[in-house]
Structures are given as structure tokens and as C-alpha cells.
Amino acid sequence: MKISIKKLAVFIWICGLLLAMAGCLDKLEEYIDIGEDNEGKTEGYKDAIAKRVYSFGEAVEKYDVDGMLAFLDGNSFKLIIAEGGHEDVKDFELLKKELIEDEEKQLHWRDPVPEGHGYDLTLELSNLKYNKLSATGARLIVEFRVWERADEPYLSLRMTDEGSIVYEMVSLRGEWLCREMTINFRPVPYGQEVHPAAQKGKSSRRGNRRAFCFGRLDLEE
């Protein structure tokens, strides 16, 4: 039986098209949102991402520079700080520079009195909601509250900030990293600012937009 060159070419073209479509379907499966068939996998992704998010929060509280930076994708990270219609955008290098420059001061304030000021910052993270989740990437929104206190000058424990954080996560070499972070600060109502007795740390983020901007105390000597 003879097969014409034209028919053979058409056959090869169809085979190639089917293989390409199969490859696209395989790729598409990686980006399926949460569903019954892959619920086990997505729960595993959620657990891994949540651990990373909470670990980042602990690093913020301790002002652990290495811990904070380890959460980020250093090759393409972008930070967006949004409050009251104003936005600041920082890349990885600028953020790293600010974190390192402020490290000595931040750790000094966290030291107990008399060496430091007995300052504590708590970053409360809650209500993690995913609107994208796959083997290679995720997008989640987390509500947050910031609590601050200090011994010298005295500042009783109080909530000084709240809002939401949008994390754009990517899985690289088996590790979940944050590629983009948007911190949306809700304006604090009048009368709920940091206690005026904390004279060494007046509370205005507009004058102090350093690093991630968590906390309203300027922490100046």
C-alpha cells in the first residue's frame, strides 16, 4: 500500500498538534484552583505557605533581617505600601538596604531597660484566604494587626495598626517565596494613635516609611 507524501505530512502534523495539546493540558493542571480532585495537594500547599507566612511574621517581630529576607524572592521581589490613597513601591535591594540600616536601632529598642527600651512589636496575622493556588504559585490575602508596647518611655500595650497583606507566592526549587507583597494599612482613627507619653517615638508613618512600615514608633533616641 502506497501512502502519498501529502497524506503522510498531514498525519505527522496532526500527531504533532495532539502532542502539543496534551502538553498544554498538563501545564494547565498545575494552575487549577482548589477543587475536590486535588484537594489533598492544595491542602499541602496551604500548610507549606502558611508556615512561611507565619515564620515571616515572627522575623518581623524580632527584627530578624535574615529571616525577613529569606521569605522573599530576591531576584524579582516588589513591595507595595498603600495607605489612604498613597503608595510607595520598593524593590528587593532598597528594602534590604533599609532593613540593614535600621537593624542596630531596632534591636537596641528591643533590648530590656536599661540597655534598651523594652520595646515589643507583635504582628498578629489571621484569616488567610486564597484566591489562587497551584503547584507553582499562589495568591493569598491575610488580615493583620500590629501591637506595640515599651518600658522606657512607657507605652502600654495597644493596637497601633491594622489592615491586610496580599502575598504573591511562587514555588522555586521546592521552596515557597514571596515575589510581591502589598501591605494595605487602614488609617487609624483619631484618638487611637500611639500614647503621647512615648515622646521618643511619635507615631506617623508619613514621616517614617522605612522597610515594611510595621509599627508607628519612630524609635529615635
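Lys105 passes every criterion in (1) buried (at least 18 other Cβ atoms within 10 Å of the Cβ); (2) within 16 Å of Asp218 (Cβ to Cβ) apart from (1). Of everything in the stretch 152-181 that is in a strand (DSSP E or B) and basic (Lys, Arg), the residue that is modelled with the lowest pLDDT is Arg158. Gly118 - would you say it is within 16 Å of Lys62 (Cα to Cα) and among the small types (Gly, Ala, Ser)? When the stated conditions are applied, Gly118 passes them. Residues in the stretch 118-174 that are free of Cβ contacts under 8 Å to residues at least 12 places away in the same chain and among the small types (Gly, Ala, Ser): Gly174 only.
The values are calculated or read from the model by the stated rules, or taken from the named source; none is laboratory data. Predicted model only: the values in this text are computed from it and were never measured. Every residue, glycine as well, gets a Cβ built from its backbone with ideal geometry; the counts of neighbours run over all protein chains shown.
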